[in-house]
Amino acid sequence: MTDEAFEHDEIASVRVATIDAAVVIRIAGEVDAFTEAAVREPLFETLDATPPVVVLDLEEVSFIGSTGLRVLVEACDQARRDGVDLRVVVNTRPLQRLLEVSGLDGHLPIAGSLHDALMGAGSAAKAG
């Protein structure tokens, strides 16, 4: 497992790790206009490398603003264009509700836990 960390003034942190065949991007803290670059850079750097599976783990996200939602949509769109299997981990009711209200729950491939998101990652990598 490899692990890299990016932090932006203690408000948002991003950790990138490889677990089996998946690249897992764990975001913690707030995702808004102030922290967008700290989230965008490692996320799109990872997607540009076109790994077979990318898991975006939002379990420790405390707030997502409209800028953060836009980043999620752009990441999902790029992953689809490039043939990357992107999975988004959302396990808190406030974040689930935000995605429902914004209509993004139907646009983003959501898993309820990191374990669920990693299920089948090895077979997806072999198929890709």
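The values are calculated or read from the model by the stated rules, or taken from the named source; none is laboratory data. In this text the structure is predicted, and so the values were computed from the model without any measurement. Note that we place each Cβ from the backbone using ideal geometry, even for glycine, and neighbour counts take in every protein chain shown.
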Could you list all residues from the stretch 50-66 that are among the hydroxyl-bearing types (Ser, Thr, Tyr) and more than 17 Å from Ala28 (Cβ to Cβ)?
Thr50, Ser66
Pairs returned, first residue in the stretch 9-34 that is in contact (Cβ under 8 Å) with a residue 40 or more places away in the chain, second residue that is among the aromatic types (Phe, Trp, Tyr), beta-carbon separation under 8 angstrom, 6 or more apart or interchain, are Val31/Phe63
Just give me the residues in the stretch 66-81 being of a type outside the set (A, V, I, L, M) and either in contact with a helix residue (DSSP H, G or I) (Cβ under 7 Å, 6 or more places away or on another chain) or buried (at least 18 other Cβ atoms within 10 Å of the Cβ) (or both), in sequence order.
Thr67, Gly68, Cys76, Gln78
In the stretch 74-83, the residues that are within 12 Å of the chain's Cα centre (by Cα) and either in a strand (DSSP E or B) or closer than 17 Å to Val24 by Cα (or both):
Ala75, Cys76, Ala79
For the stretch 10-28, which positions are in a strand (DSSP E or B) and closer than 15 Å to Gly68 by Cα?
Ala12, Ser13, Val14, Ile25, Arg26, Ile27, Ala28
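Filter the stretch 37-73 down to the residues that are part of a strand (DSSP E or B) and touching a residue at least 40 places away in the same chain (Cβ under 8 Å), then identify the one that is farthest from Leu95 (Cα to Cα). Spell out how you get there, then give the answer.
At the first step, the residues of the stretch 37-73 found to be part of a strand (DSSP E or B) are 53-64.
Within this subset, residues satisfying the condition of being touching a residue at least 40 places away in the same chain (Cβ under 8 Å) are 53, 55, 57, 59.
Numbers: Val53: 22, Val55: 17, Asp57: 12, Glu59: 9 Å.
It comes out as Val53.
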May I ask you to verify whether Thr50 is of a type in the set (S, T, N, Q), in contact with a strand residue (DSSP E or B) (Cβ under 6 Å, 6 or more places away or on another chain) and modelled with pLDDT of 95 or more?
no
If we ask which residues in the stretch 104-128 are at pLDDT below 65 and not in a loop (DSSP other than H, G, I, E, B), their number turns out to be 6
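Does Val101 fit the bill of being free of Cβ contacts under 8 Å to residues at least 60 places away in the same chain, surrounded by 15 or more Cβ atoms within 10 Å (Cβ to Cβ) and of a type outside the set (Ser, Thr, Tyr)?
On the way: free of Cβ contacts under 8 Å to residues at least 60 places away in the same chain: yes; surrounded by 15 or more Cβ atoms within 10 Å (Cβ to Cβ): no; of a type outside the set (Ser, Thr, Tyr): yes.
Taking the combined requirement at face value, the residue does not satisfy it.
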Restricting to the stretch 35-47, name every residue that is surrounded by fewer than 17 Cβ atoms within 10 Å (Cβ to Cβ) and either out of contact with any strand residue (DSSP E or B) (no Cβ under 9 Å at 6 or more places or on another chain) or modelled with pLDDT of 95 or more (or both).
Glu41, Phe44, Glu45
